[in-house]
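The values are calculated or read from the model by the stated rules, or taken from the named source; none is laboratory data. From a predicted model like this one, the values you see are computed outputs, not experimental measurements. Positions of Cβ are backbone-derived with ideal geometry, glycine not excepted, and every protein chain shown enters the neighbour counts.
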Amino acid sequence: MKKLLFALLFLAFGFPVKAQFFIAGGHFNGGLATGQLKSETGGLFFPSLSGILLHEARSAPIQVGLELGYGIYGSKLEKRTDLYEGFSDELRLRRNNNIATGMVVIRYLPFPESKLSPFIEAKFGANYLYTRYKIRESIAAEDTIEAGKDFENWTLAHGFGAGVQFPIPTNPDLVLEFKANYQSSNSLRFLTKGDTTFDPLPNGGGTFDYEVRSAPLTKLSFSIGILVYDAF
C-alpha cells in the first residue's frame, strides 16, 4: 500500500502542471463490513453520501484531491414513559450511529483520452464515529427536551480501489462514475444499533448502559456518482 502511494505521488508531481483544472462531484456509497468488523457486529451496512474535489493537470493522468462523507449506519427509536423522575408522559428517544470521513484521494487514469475512463485510486485519512441521542415529546415537536452524545471515537484509515467513468451524451463535461473500494483502519471502539439499554429506577429516571464494540473499520464499498469536469 505504501509503495503504491509513493508511486502515485511521484507521478502526480513529476509531470508539468500547466493547464490545470478541477473536478467536483458527489457519490452515494454503500459499505459492507468485512473481516473482524463483520465478526464483531454480525454484519454492518454503511450507507453514506460523499463529496469529492479533484485537481488534475491536463498533461498528466493523475488526479489529487479530497473526499468528505457522512452517513448513519444504525438508528433506533424508543417510546418511553420512564425517562425522568416524576414524569410519566410518553417521550420519543431517537438514537443515531453516525460516521463522518475525510480522505485524501490520489487517482491514476491509464487512458485519460478514451470515452470510457477506468482508474485506480488510493486514499488515506480518518473516520469519526459517534452516537447521538435526542428526546422529544412528539415527532412534530420543534423543541428538543434533551440531546447529547453517548459515545465517540476516531481512527486513521486507508483504502484502495478502482472504477470507471462514462460520459453523459447531453453534456461533455459530466461523467457517470462507478467505483469499488476496500478500506482498513486501526482498531477503534464504537456503538451499533441495540448496544445501548436503559436501566430504569422504580420512581422514574435511570441510567443508560453501553455494550461497546471494538474492531478495525474494514469494509468493502460500492459507489455511484456524477462528476463535473472543469468545475472551476
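Exactly one residue out of Leu32, Leu66, Leu49, Leu53 is among the aliphatic types (A, V, I, L, M) and closer than 11 Å to Lys219 by Cβ: that is Leu32.
Specify the residue that is surrounded by the most Cβ atoms within 10 Å (Cβ to Cβ); the eligible residues are those in segment 113-140 that are among the small types (Gly, Ala, Ser) and assigned to a strand (DSSP E or B).
Ala122
Under the condition of being in a strand (DSSP E or B), surrounded by 14 or more Cβ atoms within 10 Å (Cβ to Cβ) and of a type outside the set (Gly, Ala, Ser), the residues counted in segment 73-83 number 4.
The residues on offer are Asp143, Asp199, and the sole one that is acidic (Asp, Glu) and in a loop (DSSP other than H, G, I, E, B) is Asp143.
Residues checked against (1) under 21 Å from the mean Cα position of the chain (by Cα); (2) surrounded by 14 or more Cβ atoms within 10 Å (Cβ to Cβ); (3) modelled with pLDDT of 95 or more:
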{"position": "Lys3", "(1), (2), (3)": "no, no, no"}
{"position": "Phe13", "(1), (2), (3)": "no, no, no"}
{"position": "Ala24", "(1), (2), (3)": "yes, yes, yes"}
{"position": "Thr34", "(1), (2), (3)": "yes, yes, yes"}
{"position": "Gly43", "(1), (2), (3)": "yes, no, no"}
{"position": "Leu54", "(1), (2), (3)": "yes, yes, yes"}
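Considering each residue of segment 48-60 in turn, at least one proves to be out of contact with any strand residue (DSSP E or B) (no Cβ under 6 Å at 6 or more places or on another chain), within 21 Å of Ala24 (Cβ to Cβ) and not hydrophobic (A, V, I, L, M, F, W, C). Taking every residue in segment 169-191 that is farther than 25 Å from Lys149 by Cα and pairing it with any residue that is in a strand (DSSP E or B) and of a type in the set (D, E, K, R), at least 6 positions away or on another chain, the pairs with Cβ-Cβ distances below 7 Å are Gln183/Lys219.
Of Ala122, Ala157, Ala140, which residue is over 30 Å from Ile168 (Cβ atoms), of a type outside the set (S, T, N, Q) and under 26 Å from the mean Cα position of the chain (by Cα)? After ruling out the rest, the residue left standing is Ala157.
For the structure I just gave you, tell me whether Leu32 is outside any helix (DSSP H, G or I) and in contact with a helix residue (DSSP H, G or I) (Cβ under 9 Å, 6 or more places away or on another chain).
yes
Residues in segment 204-224: is at least one of a type in the set (Asp, Glu) and within 29 Å of Glu90 (Cβ to Cβ)? Yes, some residue in segment 204-224 is of a type in the set (Asp, Glu) and within 29 Å of Glu90 (Cβ to Cβ).
All of (1) out of contact with any Ser or Thr (no Cβ under 9 Å at 6 or more places or on another chain); (2) modelled with pLDDT under 95; (3) in a strand (DSSP E or B); (4) under 30 Å from Glu85 (Cα atoms) hold for Gly194 with one exception: (3).
The conditions of being farther than 26 Å from Ile52 by Cα and of a type in the set (Val, Ile, Thr) are not met by Thr218. Each residue in segment 141-161 was checked for being loosely packed, with under 15 Cβ neighbours inside 10 Å and not polar (S, T, N, Q), and 9 pass.
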